[in-house]
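Below is one structure, written out as structure tokens; comments come after it.
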Amino acid sequence: MGLIVPQLDRVSRTLIFDPPLTDEELEAFCAESDYRIERTKEGVIEMNPPVGMTTGSGEVEIVSQLRNWWKTHKIGKVLGSSAGFNLPDKSMRSPDAAWISPGRLAGLTAEDRKHFVYRCPDFVVELRSPSDKSLKKLQEKMESWIANGALLGWLIDPDQRRVFVYQPGEPVWEATGPSLAAASPVDGFVMDLESVWECYRD
């Protein structure tokens, strides 16, 4: 099936295909687009423009810190914002940073790993960008990560210098200090939030 990517202004958009794209068609659509694309569980395609320099710097800082934690453990995989995950509720999501455990990687072939995998990361981080006008929508996305199997999720809001922490069966709480220590499944990981905030200073 040939897919045509619409030429749109650099603003967030949603698309609905009838019939809905298959997983394979969605991956091909993503490969042909300059947008950062996700799919809701209802099948709605969400298209977001590439992030600006400030948010891009923040993303690099977050992934770098998570990668440094990984270097002391060498277990599982750390992934950045380009990785897509096909989730149990039929959505396809792409967090800004993620870690997936060896147990969840089990059974994936080398070919599987070239594509959006049918797995949910154990730990996800979402970084709010200027295009994310609705905090409520991002919070609903975090709840979706937990509902699909994530064990820990952080929603980082750089404008307010705070982090919303999500865990299954626990109330959401806010962290506002200079650092944030993670619980299971990434025990020992401590995010230096001051270094993240530094990306947003002139």
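The values are calculated or read from the model by the stated rules, or taken from the named source; none is laboratory data. Model, not experiment: these values are computed from the prediction. All Cβ positions, even for glycine, are placed from backbone atoms using ideal geometry, and neighbour counts span all protein chains on display.
So the values come out like this:
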{"read-out": "From LYS77, LYS114, residue being out of contact with any helix residue (DSSP H, G or I) (no Cβ under 9 Å at 6 or more places or on another chain), more than 18 Å from LEU180 (Cα to Cα) and either modelled with pLDDT under 95 or not hydrophobic (A, V, I, L, M, F, W, C) (or both)", "value": "LYS114"}
{"read-out": "Cβ pairs under 7 Å, 6+ apart, first in region 173-202 and under 16 Å from VAL124 (Cβ atoms), second small (Gly, Ala, Ser) and in a loop (DSSP other than H, G, I, E, B)", "value": "PRO185/SER101; PHE189/ALA182"}
{"read-out": "Flag for SER195 being assigned to a loop (DSSP other than H, G, I, E, B), within 24 Å of MET53 (Cβ to Cβ) and polar (S, T, N, Q)", "value": "no"}
{"read-out": "Set PRO168, PRO130: member being at pLDDT 95 or above and assigned by TED's automatic domain parsing to the domain that holds LEU87", "value": "PRO168"}
